[in-house]
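The values are calculated or read from the model by the stated rules, or taken from the named source; none is laboratory data. None of these values were measured; they are calculated from a predicted model. Every residue, glycine among them, receives a Cβ derived from its backbone with ideal geometry; neighbour counts consider all protein chains shown. Remember, those area values only see protein heavy atoms, side chains included, never the ligands or the DNA or RNA. Shrake-Rupley method; radii C 1.70, N 1.55, O 1.52, S 1.80 Å.
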Amino acid sequence: MEIKRAVTNKRAVFLLLVTIIVFVTLVGRMVYIQTAQSVDGNDLVKMGEQRWTQEQVIEGKRGTIFDREGSAIAQEVPSYTVYAILDEDQRFYVRKPEETAVSLSPYINMSEEDLLRLLTSDRFQVELGSGARNLTYERMKEIEELELEGIYFREEPRRYYPKQTYASHVIGYTDRDMEEARMGLERSLDEYLRAEDGKVQFQTDRSLIRLPNSNERVTPPKHGQDIYTTLDSNIQTALEQVMTQVDGDYEPERMIAIVANPKTGEILAMSNRPSFNPNEYENITNYLNYAVADRYEPGSTMKIFTLAAAIEEGVYNGDELYQSGQYQIGSSTIGDHNNRSGWGMISFDEGFLRSSNVAMARLTLEKLGQETIYDYLDRFGFDQPTGIDLPSEVSSAIDRNGAVEAASTSFGQGTAVTPIQQVQAATAIANEGEMMKPYIIQQIVDSQSGDVMYENKPEVVGEPVSADTAEHVKNLLEQVVTSPVGTGNPYYLEGFDVIGKTGTAQIPSPSGGYISGHGENIFSFIGMAPKDDPKVLVYVAVERPKIDLFQSGSEPTALIFNTIMKHSLQYLNITPSEEEISEQINDEYMVTDYTEFEGSDLEKAIDQTELEVVKLGNGSRVISQQPFAGKSALPGEKLILLTDEDKVTMPNIVGWSSRDVRRLADVLEMDLVVFGHGYVVEQSVEAGTELQRGEYMMVELAPVYDGRYVDVDEGALNEVESQDGESIDTE
């Protein structure tokens, strides 16, 4: 018995020792783990936190792009995606797919058949195509009101452009999810606009329910900065509207328009055609902002700067005569338009008004010299990009290879420049010789603190000419618009002192030389107003508009320029100074009331007037007149008098202005229909026809073309007809 008890005691002792060893080992391991907080290199604290910690993303918001008044033109907004739950184990799922397809299909641009196919597929849930993504809040609410069982919405941020086709090449666009910026300011300023997401971390129980009083770790998001541009939405919207109108009426290959403040260099509006709606960027056909990213031969707008160079160098005498028509340079011939016959011996001033190529070539080669003309092109900034804060700006391509090239460059051929370079150069003429750098970014502002991170200021980038030279050039640019021989007559705006210069850019042909034919040019105009202190500068170019033979290329450009210049001046409340008003009043006088005169007294009053009298009928008494008595008029203006004679005949009104025709129609109580703009080229009621009150009359207007009315193609072999007389024939 004792032997058995001894064996039992040994076993007990052994088991006790094993138990003690295991216990000590476990306790030691626990102490070690508690002390080291690590097992096999794994951080137990971190593992625990990861297991019981959840993380939520705090989305950062991309910066907003504003116009100059703080109206958003590119912003982040919530959007909604529609999806359907199909799993029958869920409480709410699509129980009636046929009815759901019929109700939902019109809202997501999907056929009922395709939608039904999705709603009856063997899936837990389905997305409902591209038409069900990026929905607005309004569209989401419309679908929600259908109360379709199993149809749900997921909210997501997206980029939205509330003004649609509005300076789209300036603003550019991002993908809808804002992962990638594609063009325009969205791309060039992406580092400022881009947001960084933040996050919040918190602890949960095993059911993923947030624990009370748990420590939260918050990493705040970094919102993008806001961009304030110089764009004026009132002017930009008006520009977009008239560009769309011209695009529809004339179907040009492309169009460019820039509106700037010449005093500061601020860009108030900029547009291109073809354009696009950045909310529908899949349909873009043109990715170039032609105003900065394209160059072409500008045509006669370049003559502004050649003229300025000659005046500044003291070699210009506007009264000096020269032989217009042709100018020989070695084996090459520079030609004016009008079949290169020119206008005979004319002054250089008249040559500028008529846009004579020969005048510019003679100034360049005989008075300035080749080196000097290129020096002034450099002074006016044509040798390098302007540095405007827009992406993809290109520079010029100046042809410096000899006398012919220097001469042709002086009147805008051979050398290619950008529209924005021309705008910058023109600010020197508008701004007493000081050339302003163009810019479109006003401020960059921290969207959270409101602090201004960057601010643009007007910058003088050169003084290519003196204030006296700039004033001299402005005086001649005024005559380009107002003189009977000026090429800018279509750009005259009654009541506004507009000055400017026309241009016709030739388009190189792939086979060599230039494309020829009526309308096969880039027609442009650069103008400013008011003349004495320009506040608005507008550049417009229209390439290859579809025009009839009786139409001039100036028609579409004038429609854009006149509309936007008049709108801008009125919107900016720019009115003549008191001194200008006083000068104008001194030139005008009050129209007499001719209804007070009769017989010989009437004839005497007519003889004494400085107005051009159009007397309708041979009666002895006036029964109606235009302008009305008491209105102001300028010497030479038409005065229309209707007498009491029963028989009144139609006058010849070819060459009359639109205003005078309307006055005539008012006096005769005619039903008037007017086509075109400019001056009368055709009247439906022939001169000499006896008129009846209330008669119908149609007139067709066309712009003046170098003092004549356009009704035929005036181009010649190897020359391109133009609105302002540019051609070079290299024989």
*Sort the following peptides by mean Cβ neighbour count (other Cβ atoms within 10 Å, averaged over residues), highest first: 370-378, 607-615.*
370-378, 607-615
*Solvent-accessible surface (1.4 angstrom probe) belonging to residue 92, in square angstrom, nearest 10*: 100 Å²
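Starting from 0.36 nm per residue, how many nanometres of slack lie between residue 244 and residue 180 once their C-alpha separation is accounted for? Before the final figure, lay out the partial values.
Working: separation 64, 0.36 × 64 = 23.04 nm, distance 2.93 nm.
Gain on extension, residue 244 to residue 180, equals 20.1 nm.
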*Segment residue 144-residue 571, extension gain: residue separation times 0.36 nm, minus the distance between their alpha carbons*: 149.4 nm
*For the pairs 501/566; 546/566; 61/263; 263/474; 531/604, note any where the Cα-Cα span goes beyond 27 Å.*
61/263; 531/604
*So for the pair residue 237, residue 20, with labels modelled 7 Å out along Cα→Cβ, what separation do we get in nm?*
9.5 nm
*Is the shape of the range 495-539 rounded, prolate or oblate, going by the alpha carbon gyration tensor and its root eigenvalues a ≥ b ≥ c, with a/c under 1.5 for rounded and a/b larger than b/c for prolate?*
prolate
*Hey, which aspartates and glutamates would be in cross-link range of residue 615, C-alpha to C-alpha under 13 Å, not counting anything within fewer than 8 residues on its own chain?*
603, 607, 644, 645
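Which of the GluC sites (Glu not before Pro) found in the range 385-475 are in a DSSP loop and have at most 14 neighbouring Cβ atoms, other than their own, within 10 Å?
Answer by residue number: 459.
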*Taking θ as phi - 60°, what are the ³J(HN,Hα) couplings along the range 140-146 by the Karplus curve (6.51, -1.76, 1.60), each to the nearest whole Hz, with x for Gly and Pro?*
4, 5, 4, 5, 4, 5, 6
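With charges only on Cβ, +1 for K and R and -1 for D and E, what is the dipole size of the range 301-429 about its Cα centre, in debye, rounded to 20? Walk me through the numbers on the way to the answer.
Values: 7 positive and 16 negative charges, 74 e Å.
Using Cβ point charges on Lys, Arg, Asp and Glu, the range 301-429 gives about 360 debye.
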*Go ahead and run the numbers for FRET between residue 395 and residue 607, Cβ-Cβ distance against an R0 of 60 Å, rounding to 0.05.*
0.45
*Between residue 475 and residue 593, how many nm apart are label points set 7 Å from Cα along the C-beta direction?*
4.2 nm
_Å² of accessible area per residue within the range 443-560, as computed with a 1.4 Å probe and no ligands counted_ = 37 Å²
_Going Cα to Cα from residue 647, which aspartates and glutamates come in below 17 Å? Please leave out same-chain ones fewer than 8 positions away._
669, 686, 690, 695
*Which whole-number percentage describes the relative contact order of the range 360-466, with Cα contacts under 8 Å and a sequence gap of 6 or more?*
25 percent
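Based on the Cβ-Cβ distance of residue 669 and residue 634, what FRET efficiency does E = 1/(1 + (r/R0)^6) give at R0 = 25 Å, to the nearest 0.05?
Efficiency, rounded to the nearest 0.05: 0.45.
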*Stretch gain in nm, segment residue 285-residue 95, where the contour uses 0.36 nm per residue and the Cα spacing is subtracted*: 64.0 nm
*Provide the FRET efficiency to the nearest 0.05 for the residue 649-residue 482 pair, computing r from the beta carbons and using R0 = 25 Å.*
0.20
